Amino acid sequence: MGKSDEGIGGSISDTTKNRYLSFVIGDENFGMEIDTVKEIINTFDITPVPHTPDYIKGIMNLRGDIIPIIDVRTRFLMEPKEYDELTCIVVLEHKDGNIGLIIDSVNEVKYVPEKNISAPPAAKLNYVNQFIKNLGRTDSYVMLLIETQKLLFDDPQSA
């Protein structure tokens, strides 16, 4: 076990606690709770859907399930970027069905001890801050931990 895995309990219920999928959008490191992640794919057979917000790139057929696809870069109001070999779709499990998120690249799954998780700054410095739940400090970088409900839905209360 690596240094970042210290303090993990042995029970099954603890296997995903404080574990985050670390990923990159632009120059920033983000993280989302690993227990919401179903899979990571690099298929981009997306069908556009008219009259949807610009960050919803469309839908895709994932082994018989039709799932909406959100471009996180667009959702964050960042400059568009051509998809490349590192670009992938993170499929999240949600109570109403799976949802795909297009991200620039995946780093790794990181364990972040509770003591290294803190609230974001009170000042709302930019648009992306509304999607940040906490900050997670690792040995090598700080992750902006995403509030998934806010990212997926314009009105998180309806989720």
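What follows draws every value from the coordinates through simple rules; no lab data is involved. For clarity, every value in this text was computed on a predicted model and none was experimentally measured.
For residue 139 and residue 52 in the same chain, what is the full-extension length gain: residue separation times 0.36 nm, less their Cα-Cα distance, in nm? Spell out each step's value before the answer.
Values: separation 87, 0.36 × 87 = 31.32 nm, distance 4.00 nm.
Taking 0.36 nm per residue and subtracting the Cα distance, the gain is 27.3 nm.
Give me the extension gain from residue 59 to residue 153: residue separation times 0.36 nm, minus the current Cα-Cα distance, reported in nm with one decimal. Let's see the in-between values first.
Details: separation 94, 0.36 × 94 = 33.84 nm, distance 1.57 nm.
Length difference between fully extended and current span is 32.3 nm.
Past the 24 Å Cα-Cα mark, which pairs from 95/150; 57/95; 38/150; 57/110; 17/38?
Details: 95/150 15 Å; 57/95 21 Å; 38/150 19 Å; 57/110 28 Å; 17/38 16 Å.
Pairs exceeding the cut-off: 57/110.
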